[in-house]
């Protein structure tokens, strides 16, 4: 990806996450395989199989780690707690990989 694509995809993904979080939805499995590029060259978030609705400001403890290793936040491994922050962590990993060309 060139830097223009990285900037566009990063901005679109962040806006998509903001829209999800405004609806109190946490994706919980954000990774490159779940980011699609449309025929018009924009991105779409896919695979909402692990997504959950959370009341604003709530944290949900899970009995097991859900998501994809390498993309879920450290707190998930320790406490199993999920908030919007786990999606932002995954976003950061994806952005890092886009910038490095992985």
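The values are calculated or read from the model by the stated rules, or taken from the named source; none is laboratory data. All of these numbers come straight from a predicted model, not from anything done at the bench. Reconstructed Cβ throughout: ideal geometry from the backbone, glycine too, with neighbour counts over all protein chains shown.
Quick notes on this one:
- Any hit, the range 21-39, residues being surrounded by 15 or more Cβ atoms within 10 Å (Cβ to Cβ), in a helix (DSSP H, G or I), in contact with a helix residue (DSSP H, G or I) (Cβ under 9 Å, 6 or more places away or on another chain) and modelled with pLDDT under 95: yes
- Tallying residues that are modelled with pLDDT of 70 or more and not in a loop (DSSP other than H, G, I, E, B) within the range 53-62 yields 1.
- Answer residue from the range 40-52, given it is part of a strand (DSSP E or B) and surrounded by 14 or more Cβ atoms within 10 Å (Cβ to Cβ) and is nearest to the chain's Cα centre (by Cα) among those: 45
- Condition check for residue 98: at pLDDT below 95, part of a helix (DSSP H, G or I) and either surrounded by 17 or more Cβ atoms within 10 Å (Cβ to Cβ) or touching a strand residue (DSSP E or B) at 6+ places or on another chain (Cβ under 7 Å) (or both): yes
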